[in-house]
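The values are calculated or read from the model by the stated rules, or taken from the named source; none is laboratory data. The model shown is predicted, which means the values in this text are computed figures rather than measured ones. Here Cβ is always computed from backbone atoms with ideal geometry, including for glycine, and neighbour counts include all displayed protein chains. These accessible areas exclude ligands, DNA and RNA; they are computed on the full protein's heavy atoms, side chains included. Shrake-Rupley method; radii C 1.70, N 1.55, O 1.52, S 1.80 Å.
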Amino acid sequence: QMWEEAIALGKELAEQYENEMFDYEQLSELLRKQAQFYENIVKVIRPKPDYFAVGYYGQGFPTFIRNKVFIYRGKEYERREDFEARLLTQFPNAEKMKTTSPPGDDIKNSSGQYIQCFTVKPKLDLPSKFHRPVSEQIVSFYRVNEVQRFEYSRPVRKGEKNPDNEFANMWIERTIYVTAYKLPGILRWFEVKSVFMVEISPLENAIETMQLTNDKINNMVQQHLNDPNLPINPLSMLLNGIVDPAVMGGFANYEKAFFTEKYMHEHPEDHDKIEKLKDLIAWQIPFLAEGIRIHGEKVTEALRPFHERMEACFRQLKDKVEKQYGVRAVLSSLDDRRGSRPRSMVRSFTMPSSSRPLSVASVSSISSDSTPSRPGSDGFVLEPLLPKKMHSRSQDKLDKDDLDKDKKEKKKEKRNSKHQEIFDKEFKSTDISLQQSEAVILSETISPLRPQRPKSQVINVISSERRFSVSPSPPSSQVTPPPITPRTKLSFNIQSNLELNGMSSSDIPDVPPPLPLKGSMADYGNLMESQDLISPTTSPPAHQRVSP
C-alpha cells in the first residue's frame, strides 16, 4: 500500500516507455495504474504501523547487535506486547528490561542478554514539494513513512508536587533517535546512529498538547466531511473528552497552572508562550462547533441524549472561552475541505435535439420528408444517375437523326415512369429502405468501361457509318463506299455490309470472330450497329439488361 513509492517508480518506467522504447501500450497500462494509485491515496484509509526501539545489552548477544539500539517497524495493528513476544522467540534466554532509561555499564558488560523495548513516535518530515497546506489524507502517509527521526517522551517532575494541578511541574524529557536510513527501507529495522535529549517545560508541553488536540479535531472533521459513511464512535469519544470537564478536566488545569499572576510574576519570559496558549484555546471552539454539528447530523436516536448533554457542555464552554479569550471564526477552510475533492471538468452535453448539429444522414432523412431525394421524382432529374456520354466519341455519333432521338426520348420516358412507380411504392416506407434502394439503382446504372485493346489486334469491320480500320489481313478489291445519305430506317443486315467490303457470303466463317479489344474511347464507332439489338445513343434500361 505504499502507492507513493509505486508512483515514483512508475514515472521512471513511463519515461522509458515514452521516450526510449516507444511502447505506448505499456505506457497506457502504466498510466492507468498510476491513476488508480492516486485515487487510492485520497480514498483508502491505510493503517498506521507502530515503531519500536529495541536495545540489545550484554555480552551474550552477537557482535553486530551487541549494546546497540535499533528502530523496528511493526506490522499492521501489531501491539507492543505482540512484538515483544515475537522478538523474544528469537532470543529465548534474553531477559526483558522493565525500564526505558538507558542501562548502566554493569548491564552492558554482563555476560547475559537484556532486551529493552518501548514504543517511539516517528517525527514528520514533509518533502519540500508540500510548500502549502494539503489534505490530511496525503500528509498521513509521511507521518509513518520516509521517517528517520523518532522521539520518546518521558515525564519528569521537578520542584514541589502540587496535588491540585499536576501540570504545573510536569517536565518532559524527550529523547530523539536518528537512524542510519529512512524507514521503511530494504529492511524493516535500522540501527540508531545518533541519540540526543531535550527537555520540554510544562508550559511548552501544554502548548504542544493543545496544538495536537486542535489538529486531531480538525483532521477528524475533515475525514467526516469527505466520507459521510465513517463511523461516529471515534468522533463521539474525542468531542466528549474535550467538552465534558468531568472526563479529562479540559484546559481548566492549564488556566490554574499558567494563567495566574504568581506564575507570570515568576516567569516573565513566558509571556509570549502564554498568549500563544490562550490563542490555541480560543481556536479550539470553532473546531469543536463543526465537530458537534457533524455529530448531530449523524447521531442515532439511541445516542440523542448523549449528544444533547454534549451540546449543553459545549455552550457553557463556548460562552466562557469567547468571554475570556475572544472569538475566533474559521474562514472557508472547513467549507473548502468539505468539497476538497476537485469536481470533474467534463460537462455533460445536454443540448436539446432541435438545436443539436445534425449528421449528414439525419439531414438527408429530414429533407426526404418534404422534398423527394430519389431520382425520377418531382424536382429531380434522372439524367445524373445515367451513364455519362463518352468524352471522345466521334462527331458522327453525336449527330444522329431525329428519328433516333425520338426513340431515345420514348425509352427514357418509359424508364422514368417505371422508376416513378417504384419510387411511389418505396417512398411510403422508412428512410432506411429508401437509402438502400437508392444505392441499388446507382450500382445498376453505372457500368464499368471495357478494357482497352491494342491497335494491332483490330479486325477489319465496317460500321454503319462506313468507317474503316486497320486490319492485318490482306485487303480485298477496292470498292468506293457510297456517300452517306440520310436514312429513314436504321436497319442493316450483315450480308450487305460484308459485300460492300468486297467479301462474299462464302467467305463468312461458321463461328464469328470475338469482339476486338477497344483501342481508344472513340473505337465504339468501329462496331456494327443494329437498331433491333442496340440503341444508338442510350444503354438499355436497368431492368431489361442481360448479363453477358
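For this structure, a couple of remarks:
- For region 190-205, 3J(HN,Hα) per residue [Karplus equation, 6.51 cos²θ - 1.76 cosθ + 1.60, θ = phi - 60°, Hz, x = Gly/Pro]: 9, 6, 7, 9, 8, 9, 9, 10, 10, 10, 10, 6, x, 5, 5, 5
- 3J(HN,Hα) along region 83-91, derived from phi through the Karplus expression 6.51 cos²θ - 1.76 cosθ + 1.60 where θ = phi - 60°, amounts to 5, 4, 4, 5, 6, 6, 5, 6, 10 Hz, with x in place of Gly and Pro.
- For residue 147, the residues whose amide H sits under 5 Å from its own are 183, ignoring neighbours fewer than 5 places away on the same chain, with H placed 1.01 Å from N.
- Computed in the context of the full set of protein chains, the accessible area of region 202-333 at 1.4 Å probe radius has 54% of its extent on carbon or sulfur.
- Inter-site label distance for residue 126 and residue 265 at 7 Å from Cα along Cβ, in nm: 4.3
- Unsatisfied cross-links (Cα-Cα over 27 Å) in the set 98/256; 68/129; 43/121; 129/298; 75/129; 158/262: 98/256; 68/129; 129/298; 75/129
- Between residue 1 and residue 90, the contour length at 0.36 nm per residue exceeds the alpha carbon distance by 29.2 nm.
- Per-residue Karplus couplings for region 210-224, computed as 6.51 cos²θ - 1.76 cosθ + 1.60 with θ equal to phi - 60°, are listed in order as 5, 5, 5, 5, 4, 5, 5, 5, 4, 5, 5, 4, 5, 5, 6 Hz, Gly and Pro entered as x.
- Its alpha carbons give region 3-43 an Rg and a Dmax of 10.4, 34 Å.
- Reported value for region 46-200: 167 Å³ per residue, from the convex hull of its C-alpha atoms.
- The Cα center of region 138-217 and the Cα center of region 28-72 differ in position by 19 Å.
- In this structure, the amide hydrogen of residue 126, modeled 1.01 Å from its nitrogen in the peptide plane, lies closer than 5 angstrom to no residue at least 5 positions away or on a different chain.
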